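See structure below.
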Amino acid sequence: MASNSFSLASKVKLPSGHLIPQIQLGLYMMSGREVLAAVPWALAAGYRGFDSAQMYHNEAEAGRAIRKFLEDAEQNTQGLDRQDVFYTSKLASNSESYNTVRRSIRKSVEAAGLGYIDLFLLHSPYGGPEARITSWKAVEDAIQDGEVKSGGVSNFGVRHIEELMASNPRIKPSVNQIEVHPFNTQEEIRAVCAKHGIVVEAYGPLARAMRMKNPTILALAKQYSCTPAQLMVRWSLQHGLVPLPKSARKERLVDNVKVGHFEISEEDMAKMDALDEDLVTDWDPTDAP
């Protein structure tokens, strides 16, 4: 069983050797203005990881918000520096042109203005096998050039992970970021990631609030004296996932991650696992050719 000590300070070691905060703030579907407000709130609350992407069109704001917070002694009361914050971005589209991808990664590094990106992911498997392998080579080189610390993928299905590993990559992916929650448990993809030592990040860990009124979730939340959101975040953590709960509201982003006061029993974890209905709340490219 998991220990009861999960908090915003919890970290997981990636295959790259770097540590990643085990709970992070997802910046998906946040406007630039929302990001400029939410990131400082989150840093003040103890968040140390932020998940952006080229497709979110908020990389510049995410980087600016982090930099401003670090430079502002009144806000940054703990004396945090760049090394204390973990920033992720993702490639909008894979390409068979190595130079196109390499330039695109560089643009992301420049947009955030943080000196380097902690984790850079291929956002999806779209584009076909050659584009995936070529794009990964560009990520490897960005890591070797110091622009990126760790590399990974997102929305990769079993076949895509096996294909990438079979290509004998110089650097293996540290992460696969996929939609995971009790209503879409993704056990096959999680198993292949475990086999290769790849950490699974869970986006949409709250199922985009589509199942907050589910009777099992409500009953267990009552039993554990927690909110449905806290229950679902805790479920992710006890499965060894890195959840990315998203909220642009101050009180909610603070509340969602208060998960240290309870531990879900094995029996109740199994009850939550049994809620799986392959619910896709947004997109699912995991079976792309």
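The values are calculated or read from the model by the stated rules, or taken from the named source; none is laboratory data. Computed from a predicted structure; not experimentally measured. Cβ placement follows ideal geometry from the backbone for every residue including glycine, while neighbour counts extend to all protein chains displayed. Protein only, heavy atoms only, side chains kept; ligands, DNA and RNA dropped before computing areas. Shrake-Rupley method; radii C 1.70, N 1.55, O 1.52, S 1.80 Å.
Below, the figures for the structure above:
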| item | result |
| --- | --- |
| ³J(HN,Hα), Karplus 6.51/-1.76/1.60, whole Hz, each residue of the stretch 246-258, x for Gly, Pro | 10, 8, 9, 9, 4, 5, 6, 5, 6, 5, 3, 9, 7 |
| Under-5 Å amide H pairs with ASP118, H placed in peptide plane, nonlocal only | TYR87, LYS149 |
| Residue list for the stretch 147-174, given a label point 7 angstrom along the Cα-to-Cβ vector of TYR116 and an amide N cut-off under 20 Å | 147-153, 170-174 |
| Percent accessible area from carbon and sulfur atoms, the stretch 140-289, protein chains only, probe 1.4 Å | 50 percent |
| Gained length - ALA9 relative to THR100, 0.36 nm times residue gap less alpha-carbon distance | 29.1 nm |
| Cα gyration tensor, the chain - rounded (a/c under 1.5), prolate or oblate | oblate |
| Å² per residue, accessible surface of the stretch 7-71 at 1.4 Å | 41 Å² |
| Flagged links, alpha-carbon separation over 19 Å, of LYS149/LYS172; LYS68/LYS246; LYS11/LYS149; LYS222/LYS271 | LYS68/LYS246 |
| Over the chain, relative contact order from alpha-carbon pairs under 8 Å, at least 6 apart, % | 21 percent |
| Mean Cα-pair separation over length for the stretch 1-124, i.e. relative contact order, pairs under 8 Å, 6 or more apart, % | 22 percent |
| Amide H contacts of SER247 (H built 1.01 Å from N, under 5 Å, at least 5 apart or other chain) | GLY26 |
| Where labels lie 7 Å past Cα in the beta-carbon direction, separation of ARG67 and SER225 in nm | 4.5 nm |
| Sum of side-chain charges, ILE217 neighbourhood, beta-carbon under 12 Å (Lys, Arg +1; Asp, Glu -1) | +4 |
| Extended-chain gain in nm, criterion 0.36 nm per residue less alpha-carbon gap, ALA166 and MET55 | 37.1 nm |
| Computed helical MRE - 222 nm, the chain, DSSP H runs ≥ 4 contributing -39500 (n - 2.57), nearest 500 | -11500 deg cm²/dmol |
| Leading residue at positive end of dipole, the chain (Cβ point charges), from ALA202, ALA248, VAL180 | ALA248 |
| Length added when fully stretched, MET210-GLU187, from 0.36 nm per residue minus Cα-Cα | 6.2 nm |
| Net charge, ARG252 excluded, C-beta distance under 13 Å - Lys, Arg +1, Asp, Glu -1 | +1 |
